[in-house]
Amino acid sequence: MNRKIQVHYDRLQAGKESLFRQLQPCSEDQLRWKPMGNQWSVLQVLDHLHFAESGSLNYCKKKLLAGDQMPRASLFNSVRMEVYDIILYSRIKIKAPAVVISPSNERNLEEMKSLFDQTSDDLKAFLDEYPDEFLNKGIYKHPMAGRITLPAMVKFFNAHLIHHRHQINRLLHQQA
């Protein structure tokens with residue numbers, strides 16, 4: 001795996017492991033609790049995070065088939081992604097893009113952990129095989145920033161996890 005990507009991947013994995021350690025002592029009721037009808041539970045947030053990462057990975061696998069035909073990522077989109085990442089790192093609440101579907105509240109924490117682990121393994125395998133000559137290609141089309149590079153996508157995953165970790169912490173605090 002490219003060293004530039006490895007740093008972001010390692011942070012992402014550490015964040016996921018920390019999140020699941022934090023949630024381990026929580027009851028099913030705590031994890032399924034929704035403050036209001038249209039707000040997400042902790043399990044729905046986890047489902048959203050998993051769906052976003054696994055769906056993005058599948059998209060990139062498909063786009064990689066284009067090889068050299070993939071467009072280069074633009075400086076404008078890179079700057080937009082950096083700004084978006086900064087917003088995600090903050091505690092600012094933002095409305096999800098229209099492409100986001102309503103997540104499931106049906107799986108339990110063990111099932112979510114298993115899904116996360118499988119997607120992490122799939123992502124690592126993809127990153128390990130990703131050709132360095134495509135690092136400047138816009139392989140991922142982010143709904144807010146447009147086409148970005150693979151390193152920017154993995155960095156986004158980490159910012160996305162941190163953003164939703166703030167949300168999870170608010171949910172758990174509301175129940176205390």
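Which FRET efficiency value, to the nearest 0.05, do you get for Glu17 and Arg72 by plugging their Cβ-Cβ distance into 1/(1 + (r/R0)^6) with R0 = 30 Å? Display every interim value, and only then the final one.
On the way: r = 34 Å, r/R0 = 1.14.
Computed FRET efficiency for Glu17 and Arg72 comes out at 0.30.
From the C-alpha gyration tensor of segment 28-176, pull out the three semi-axes of the equivalent ellipsoid (sqrt of 5λ each), sorted largest to smallest, in whole Å.
Equivalent-ellipsoid dimensions as semi-axes: 30, 18, 12 Å.
Provide the gained length on full extension for the span Asp128 to Lys93, in nm with one decimal, where the gain is 0.36 nm per separating residue minus the Cα-Cα distance.
Numbers: separation 35, 0.36 × 35 = 12.60 nm, distance 3.39 nm.
Between Asp128 and Lys93, full extension yields an extra 9.2 nm.
Taking the C-alpha atoms only, the angle from helix 75-89 to the longest principal axis of the chain is near 20 degrees. Proximity of backbone amide H atoms, modeled 1.01 Å from N, is registered between His142 and Arg147, Ile148 at under 5 Å, excluding neighbours fewer than 5 places apart on the same chain.
Over the chain, with the other protein chains present, what is the accessible area per residue in square angstrom, probe 1.4 angstrom? Intermediate values should be presented prior to the final figure.
Details: 9690 Å² over 176 residues.
Roughly 55 Å² per residue, with all protein chains present.
Ordering Met81, Met1, Phe156 by Cα displacement along the dipole of the chain toward the positive end leaves Met81 in first place; charges were set at the Cβ atoms of Lys, Arg (+1) and Asp, Glu (-1). Between amide H atoms placed 1.01 Å from N, distances below 5 Å from Ala73 occur with Lys137, Gly138, all of them 5 or more places distant or on a separate chain.
According to the square roots a ≥ b ≥ c of the eigenvalues of the Cα gyration tensor, what is the shape class of segment 78-126, taking rounded for a/c under 1.5, prolate for a/b larger than b/c otherwise, and oblate for the remainder?
Taking the square roots of the gyration eigenvalues as a ≥ b ≥ c, segment 78-126 is oblate.
The values are calculated or read from the model by the stated rules, or taken from the named source; none is laboratory data. Values in this document were obtained by computation on a predicted structure and should not be read as measured data. Please note: Cβ atoms are built from the backbone with ideal geometry, for glycine as well, and neighbour counts cover all protein chains shown. SASA here: full protein model, heavy atoms, side chains in, ligands and nucleic acids out. Shrake-Rupley method; radii C 1.70, N 1.55, O 1.52, S 1.80 Å.
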